[in-house]
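Here the structure comes first, spelled out in structure tokens, and everything after it is commentary.
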Amino acid sequence: MPKLWSETIAGHRSAVMDAILDATAELVHRNGVTGLTMTALAEKSGVGRATLYRYVPDVAAALAAWQQREISRHLQRLHAISSQSSDEVRLKNVLIAYARIRSHRHSDDGSLHGAGQLAMAESEVRELLRDIIADDVRGGRARADLSPEELAAYAVGSLSAAGSIATPSAAPRLAALVLGSIQSGSDAESF
């Protein structure tokens, strides 16, 4: 198959999948997870039902694919924030962004953001935070009595609480609390 033809087909498939995932997002935001149907998804995405079933066999597959795309976008956003921030505010900016991501809801019962589904993403966030914290330790902006790995795990675990608090202003407040903990001195008593 000529390269141009295969690129055209790949581009078409990507566009169809994007339309399906965009429609999934819109329907979930409008009707909640339980209101998503294959009929509504086909109609909203503008693809026929037969085509829809070739891309996603059921509502659960559409939700999983949409969630994976959203997680990828969130991770890209966190990395972009990290790379675009100065050293002095990089940790703060990433913590606030992560807390806001964790606080976002899709009118679901928690099934979209279960621990198993987020484990790989959380691992990547921990690695990103570990690297930022290690830089901050070297720059004297973070405590050195705990390892960057421990502090990153603490940050991810603590900011997961943002998902259970309905107040929109809670995310930056929790991020500030975590930031203060990471930046505080090492005068805490050892265990």
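The values are calculated or read from the model by the stated rules, or taken from the named source; none is laboratory data. Because the structure is a prediction, the values reported are computed rather than measured. Please note: Cβ atoms are built from the backbone with ideal geometry, for glycine as well, and neighbour counts cover all protein chains shown.
General remarks:
- Only one of the numbered conditions (1) within 24 Å of M120 (Cα to Cα); (2) in contact with a Lys or Arg (Cβ under 7 Å, 6 or more places away or on another chain); (3) not charged (D, E, K, R) is not met by A62, and that is (2).
- From the options A15, A23, A42, A19, residue that is of a type in the set (G, A, S) and over 19 Å from E70 (Cα atoms): A42
- Residue pairs whose Cβ atoms lie under 7 Å apart, separated by 6 or more positions or on different chains, with the first residue in region 145-174 and within 13 Å of R102 (Cβ to Cβ) and the second of a type in the set (F, W, Y) and buried (at least 18 other Cβ atoms within 10 Å of the Cβ), are L159/Y98.
- For first residues located in region 69-81 and free of Cβ contacts under 8 Å to residues at least 40 places away in the same chain, partners that are crowded, with 16+ Cβ neighbours inside 10 Å and lie 6+ apart or on another chain with Cβ distances below 6 Å form the pairs I81/N93; I81/V94; I81/A97.
- Test: I133 is at pLDDT below 95 and either assigned to a helix (DSSP H, G or I) or not acidic (D, E) (or both): no
- Where R105 falls short, out of the listed (1) modelled with pLDDT of 95 or more; (2) not in a helix (DSSP H, G or I): (1)
- In region 127-144, the residues that are under 10 Å from I182 (Cβ atoms) and without any contact (Cβ under 8 Å) to a residue 12 or more places away in the chain: V137
- The helices (runs of 4 or more DSSP H) found entirely in region 1-96 that carry 3 or more residues being basic (K, R) are 3-31, 59-84.
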